[in-house]
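Here the structure is laid out as structure tokens; the discussion comes afterwards.
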Amino acid sequence: MSSNGTSPLTPLAQEALEALATAIPPGGELTYEQAYAVLAEEEDLGEPAAKDIIEKLYNKGRLYEVEGKLRLTDYGSE
């Protein structure tokens, strides 16, 4: 069980997070359009599905937004 109180991600959300993590340079960021393109290419998701996954990742604290761009939290450093 997770000690930080968050529920685990679905397999699709985890795969999407990993695809985004691969696409973002360390300490970098992506625009929403870039994130949608990554998920379209890597996970074969259309924009509505990509938006939904990104929203879920955001709500679970795995992504955050700075000046309209997405950044990853340090989820992999656990």
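We did not get these values from a lab; they are worked out from the coordinates using the rules stated. Owing to the predicted nature of the structure, the values given are computational and were not obtained by experimental measurement. Here the Cβ positions follow ideal geometry from the backbone for every residue, glycine too, while neighbour counts run over all protein chains shown.
Name every residue in the stretch 20-38 that is buried (at least 18 other Cβ atoms within 10 Å of the Cβ) and farther than 15 Å from Arg71 by Cβ, in order of residue number.
Answer for the stretch 20-38, where residues must be buried (at least 18 other Cβ atoms within 10 Å of the Cβ) and farther than 15 Å from Arg71 by Cβ: just Tyr36.
How about the stretch 40-61: which of its residues are hydrophobic (A, V, I, L, M, F, W, C) and over 9 Å from the mean Cα position of the chain (by Cα)? Give the derivation first.
Narrowing the stretch 40-61 to residues hydrophobic (A, V, I, L, M, F, W, C): 40, 45, 49-50, 53-54, 57.
Correct list: Ala40, Leu45, Ala49, Ala50.
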